[in-house]
Amino acid sequence: MIIWELYTQAIPWKHLKYDYKVIQAVCAGERNPLPDDMPQKLKDLISMCWAMDPVQRPTAEQVAAALEEII
């Protein structure tokens, strides 16, 4: 989510008024839209980080390595 926020300069889940609504949305698999102009490698990384199954998410080291490659 932090990568999404940094890229978009937007507040995630701005339309939801209560924290518990955000939690419900995330648990239901809802995600903020990825901008069309976002580089595909960054979209791929964010999508991996948003995987519902924690085992499928990259480690912090893998995220850092991917960001180094993208930047």
- Query: Within the set of pairs 6 or more residues apart or between chains, which connect a residue that is touching a residue at least 12 places away in the same chain (Cβ under 8 Å) inside the stretch 1-26 to a residue that is open to solvent by 70 Å² or more (accessible area, probe 1.4 Å) and of a type in the set (A, V, I, L, M, F, W, C) with Cβ atoms less than 7 Å apart?
  - Reply: P12/M1
- Task: Would you mind listing the helices (runs of 4 or more DSSP H) fully within the chain where at least 3 residues are loosely packed, with under 11 Cβ neighbours inside 10 Å?
- Result: 19-27, 60-70
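Which of the residues belonging to the stretch 8-25 are of a type in the set (V, I, T) and more than 20 Å from L42 (Cβ to Cβ)?
Going through the stretch 8-25, the residues of a type in the set (V, I, T) turn out to be 8, 11, 22-23.
Residues satisfying the conditions are V22, I23.
The values are calculated or read from the model by the stated rules, or taken from the named source; none is laboratory data. Predicted model, so just to flag it, every value in this text is computed and none were measured. Ideal geometry is used to build each Cβ from the backbone, glycine not excepted, and the neighbour counts take in all protein chains shown. What goes into the accessible areas is simple: the full protein's heavy atoms, side chains included, and nothing from ligands, DNA or RNA. Shrake-Rupley method; radii C 1.70, N 1.55, O 1.52, S 1.80 Å.
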